[in-house]
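Accompanying notes for the structure given below.
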Amino acid sequence: MLRRLGYLLLAGLALVGALVLVGGVLAIRQGFGSRQAPPAWEAFLAKRIYRLSIPEEARLQQNPFPPTRDWLQQGMEHYADHCAQCHANNGSGETEMGKTLYPRPPDMRKQETQSLTDGELYYIIHNGIRMTGMPAWGEEGHDAESWKLVLFLRHLPKLTREEEREMEKLNPKGPKERAEEREEESFLEGDDKSSP
Ligand code: HEC
């Protein structure tokens, strides 16, 4: 009886070892580029496992900031400055960087993200997600800014075109874009020193 159990255990271990080996060889042959999106099963598994790792007490935390206009506005400004380069102003993830990250930033307007609790969203923003492009934000300890970001994430499905345009002005710009903007402005003001 015991001997049979031993054989079974050995066979099981050998099978797991073989699977790991085959998986490893396949992964190495495929390379570790980030152009292709993760297969659906990988994204599904990784997401479930990650969500299981969020502690219950973090999941149940409630947002201490009610969605007043001021706090929502602050969340929006912060998002435009720090999150939009990957997630896009409207939360779709359709950005130059987002399109080739592995895993991709999800469309945060959708159910998959919106069904997370406020506590889970806060936890993700505050702690980041290891082995993905998602960094951890805010100071350690009490982090009011991340709670205001949660308010804004909840607002994403209702974002208006005007709000999006307002955000575009707040998106970080490189020196080239700033110079172009200055040139355009002085051209519009009729300053003939600048060439059209
Ligand atoms: C450098 C790119 C990058 C930046 C900047 C970034 N994120 Fe992310 N974020 C990601 C990626 C990639 C994922 C997907 C990770 C995954 O699939 O597990 C993600 C995931 C998330 C998620 C989880 C969504 C879900 O449904 O699982 C939330 C919430 C989030 N980000 C919020 C933010 C906020 C708020 C900011 C700004 C403070 C921000 N992110 C900045 C890349 C970024």
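Scan the range 108-134 for residues that are open to solvent by 60 Å² or more (accessible area, probe 1.4 Å) and either near the ligand (Cβ under 6 Å from one of its atoms) or within 14 Å of Lys47 (Cβ to Cβ) (or both) and jot them down. Talk me through it step by step, then tell me what you get.
Residues of the range 108-134 that are open to solvent by 60 Å² or more (accessible area, probe 1.4 Å), as a first pass: 109-112, 115, 127, 130-131.
Lys110, Gln111, Glu112, Ser115, Arg130, Met131, listed by residue number.
I'd like to check something: does the range 1-11 contain any residue that is within 18 Å of the chain's Cα centre (by Cα) and either at pLDDT 95 or above or part of a helix (DSSP H, G or I) (or both)? If you could, list the steps in order and put the result at the bottom.
Filtering the range 1-11 down to residues within 18 Å of the chain's Cα centre (by Cα) leaves none.
No, that holds for no residue.
Inspect all residues belonging to the range 54-65 and state whether any of them is open to solvent by 60 Å² or more (accessible area, probe 1.4 Å), under 28 Å from Asn127 (Cβ atoms) and either modelled with pLDDT under 95 or among the basic types (Lys, Arg) (or both).
Yes, there is a match, as at least one residue in the range 54-65 is open to solvent by 60 Å² or more (accessible area, probe 1.4 Å), under 28 Å from Asn127 (Cβ atoms) and either modelled with pLDDT under 95 or among the basic types (Lys, Arg) (or both).
For Asp70, are the conditions met, namely being open to solvent by 50 Å² or more (accessible area, probe 1.4 Å) and in contact with a Leu (Cβ under 8 Å, 6 or more places away or on another chain)? First the steps, then the outcome.
Numbers: open to solvent by 50 Å² or more (accessible area, probe 1.4 Å): yes; in contact with a Leu (Cβ under 8 Å, 6 or more places away or on another chain): no.
Answer is no for this residue.
If Leu170 satisfies all but one of (1) over 14 Å from the mean Cα position of the chain (by Cα); (2) farther than 20 Å from Gly98 by Cβ; (3) touching a residue at least 12 places away in the same chain (Cβ under 8 Å), what's the number of the condition it fails?
(2)
Would you please name the residue that is surrounded by the fewest Cβ atoms within 10 Å (Cβ to Cβ), looking only at residues in the range 97-107 that are within 8 Å of the ligand (Cβ to nearest atom) and closer than 18 Å to His82 by Cα?
Here the residue is Met97.
Can you tell me how many residues in the range 74-96 are touching a helix residue (DSSP H, G or I) at 6+ places or on another chain (Cβ under 6 Å), open to solvent by 60 Å² or more (accessible area, probe 1.4 Å) and within 6 Å of the ligand (Cβ to nearest atom)?
Residues flagged as touching a helix residue (DSSP H, G or I) at 6+ places or on another chain (Cβ under 6 Å), open to solvent by 60 Å² or more (accessible area, probe 1.4 Å) and within 6 Å of the ligand (Cβ to nearest atom) within the range 74-96 amount to 0.
When the range 56-105 is examined, which residues are found to be in a loop (DSSP other than H, G, I, E, B) and either among the acidic types (Asp, Glu) or without any contact (Cβ under 8 Å) to a residue 40 or more places away in the chain (or both)?
Filtering the range 56-105 down to residues in a loop (DSSP other than H, G, I, E, B) leaves 60-68, 83, 88-97, 101-105.
Within the range 56-105, Pro66, Thr68, Ala88, Ser92, Gly93, Glu94, Thr95, Glu96, Met97, Pro105 meet the criteria.
The values are calculated or read from the model by the stated rules, or taken from the named source; none is laboratory data. Quick caveat, the model's predicted, so the values are computed rather than measured. Neighbour counts are summed over all protein chains in view; Cβ atoms, including those assigned to glycine, are modelled from backbone coordinates with ideal geometry. Surface accessibility is based on the protein's heavy atoms, side chains included, excluding ligands, DNA and RNA. Shrake-Rupley method; radii C 1.70, N 1.55, O 1.52, S 1.80 Å.
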